[in-house]
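The values are calculated or read from the model by the stated rules, or taken from the named source; none is laboratory data. Note that the structure is predicted; figures quoted are calculated from it, not measured. Counting neighbours? That spans all protein chains shown, and the Cβs are built from the backbone with ideal geometry, glycine included.
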Amino acid sequence: SITAKKDSPEYSYQMCYYFLNKTSRSFARVIQELHPELCHPVCIFYLTLRGLDTIEDDMTLDNKVKLPLLRGFDKIMYKKGWTFKESGPNEKDRILLVDYDVVITEFLKLKPKYQVVIANIAKRMGNGMADFCEGKKVKTVADYDLYCHYVAGLVGIGLTGLFSESGLESASLTESEYLQNRMGLFLQKVNIIKDYLEDWKDGRSFWPEEIWGKYVWENAGLGSLSKPENINDALACLNELCVNVLKLAPDCLEYMAKLKEPSVLHFCAIPQVMAIASIALFFNNNVVFTKGGLKIRRGLAVKLIYEATTFDGVKEVFKKYALDIARQNSLRVGKNPKDESFMPISEACS
Ligand code: PS7
Ligand code: MN
Ligand code: MN
Ligand code: MN
Ligand code: MN
Ligand code: MN
């Protein structure tokens, strides 16, 4: 709870952690368990990107308002006292923007080396999001990779910058943006697969047409996959997306193998083990199309968080779910003639 008076220097600090806990279930705890040198910069990085994402997600905002906000966010985030009260009433994190000035106050107190990393990512992400709001669509697999780069790969690149600026991780970790990007892509693609129904109902879709187009009748559209009579096509499409995301797993392991600081490893590894366990849950699962909202169970999540403490544990988890998916795959051989992902799944798992 907020104990500081509104005009005290503690107020904005307390408000930021209040917002962190309010806007994220998954990241709030691990961010607060990070090494003290990194905890606050990562918290402010999170809130900055949560602010951007709240603007991007808001389908009630006119592009005349939305685009300048997205494209100018790297400047806005330096404007003392800036707030935004015009978010749609259903935007779940609108309160963050209503009181965004507290994030700016704390951002301006960070060491300049951290500010530079965060502002650089906000600039690249905001402009990328704006390109897609302006009409760019996720058509090809390359578009899919580009969109995921903007909204998640860049988070991996920015976090890596913060880790290495802190001196807790080696500067050589920043050498290959390739692996940093792939860490974010792995999480975002799992999120996009999971949110098929939710995004469709919101009038958005991120599944690449280059893939789903193979499984729907001409002009039928992505929505036809949720019709019961099309379930075999839908599952075949889903499984091809699972192949696409599973191919990222070896690069994620390679990235995590380089980490030295235990709290940084734990922070990076928790979302990754949740992601691989989620793929095992979504794979060939019709609930993605019928009910949506698939989530791994609470007890399993607790176990995974514990197993993500060490890199050996992370490797065990990846191995376990690779075997699990391979087993599910072998059990369904020949059952869905629409599905041509048997071999690719089997290869990705091995
Ligand atoms: C700075 C921790 C660790 C090298 C707000 C962590 C939304 C999947 O929209 O909340 O609610 O469905 O479920 C996080 C790489 C980014 C990528 C991206 C910033 C891993 C704005 C996470 C989080 C890089 C765009 C949250 C990418 O999912 O989404 C910090 C290394 C924000 C990471 C969004 C998604 C993140 C996401 P939603 P979720
Ligand atoms: Mn979420
Ligand atoms: Mn978004
Ligand atoms: Mn979002
Ligand atoms: Mn989503
Ligand atoms: Mn969502």
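Name the single residue, out of those in region 189-203 being more than 9 Å from ligand 5 (Cβ to nearest atom) and of a type in the set (D, E, K, R), that is nearest to C242 (Cα to Cα). Lay out the reasoning, then the answer.
Of the residues in region 189-203, the ones more than 9 Å from ligand 5 (Cβ to nearest atom) are 189-190, 193, 196-197, 200-203.
Next cut, of a type in the set (D, E, K, R) only: 189, 201-202.
On the way: K189: 9, K201: 22, D202: 23 Å.
Selected residue: K189.
Which condition number in (1) modelled with pLDDT under 95; (2) of a type outside the set (S, T, Y); (3) at negative phi is the one that N219 fails?
Of the numbered conditions (1) modelled with pLDDT under 95; (2) of a type outside the set (S, T, Y); (3) at negative phi, the odd one out for N219 is (3).
Can you tell me which residue among V42, V65 is more than 29 Å from T160 (Cβ to Cβ), away from ligand 5 (no atom under 16 Å from the Cβ), aliphatic (A, V, I, L, M) and part of a helix (DSSP H, G or I)? I'd like the intermediate steps shown before the answer.
Working: V42 fails: more than 29 Å from T160 (Cβ to Cβ).
Of V42, V65, the one residue that is more than 29 Å from T160 (Cβ to Cβ), away from ligand 5 (no atom under 16 Å from the Cβ), aliphatic (A, V, I, L, M) and part of a helix (DSSP H, G or I) is V65.
Just to be sure I understand, how many residues within region 1-39 are assigned to a loop (DSSP other than H, G, I, E, B) and surrounded by fewer than 19 Cβ atoms within 10 Å (Cβ to Cβ)?
First, pick out the residues of region 1-39 that are assigned to a loop (DSSP other than H, G, I, E, B): 1-8, 24-25, 33-35.
Retained after the next criterion (residues that are surrounded by fewer than 19 Cβ atoms within 10 Å (Cβ to Cβ)): 1-8, 24-25, 33, 35.
Number of matching residues: 12.
List the pairs whose first member sits in region 9-28 and is more than 16 Å from T83 (Cβ to Cβ), whose second member is away from ligand 1 (no atom under 16 Å from the Cβ), and whose Cβ atoms are under 6 Å apart, counting only residues at least 6 apart or on separate chains?
Cβ pairs passing all conditions: E10/A4; Q14/I2; Q14/A4.
Output the helices (runs of 4 or more DSSP H) that fall wholly within region 191-290 and possess 2 or more residues being surrounded by 17 or more Cβ atoms within 10 Å (Cβ to Cβ), touching a helix residue (DSSP H, G or I) at 6+ places or on another chain (Cβ under 6 Å) and of a type in the set (S, T, N, Q), or say none. Steps first, please.
Values: elements: 196-201, 209-212, 231-246, 249-257, 262-282, 287-290.
The qualifying helices (runs of 4 or more DSSP H) are 262-282.
For region 88-188, give me every one of the helices (runs of 4 or more DSSP H) that falls completely inside it and has 3 or more residues that are surrounded by fewer than 19 Cβ atoms within 10 Å (Cβ to Cβ) and out of contact with any Ser or Thr (no Cβ under 6 Å at 6 or more places or on another chain). I'd like the intermediate steps shown before the answer.
Working: elements: 94-98, 101-109, 112-133, 141-148, 154-165.
Result: 112-133, 141-148.
Given W200, W217, W207, which one is without any contact (Cβ under 8 Å) to a residue 40 or more places away in the chain and under 22 Å from the mean Cα position of the chain (by Cα)? Walk me through how you get there before you give the answer.
On the way: W217 fails: under 22 Å from the mean Cα position of the chain (by Cα); W207 fails: without any contact (Cβ under 8 Å) to a residue 40 or more places away in the chain.
Unique residue meeting the criteria: W200.
Can you name every residue in region 40-66 that is of a type in the set (V, I, T), farther than 19 Å from I192 by Cα and either surrounded by 22 or more Cβ atoms within 10 Å (Cβ to Cβ) or touching a residue at least 24 places away in the same chain (Cβ under 8 Å) (or both)?
V42, I44, T48, T60
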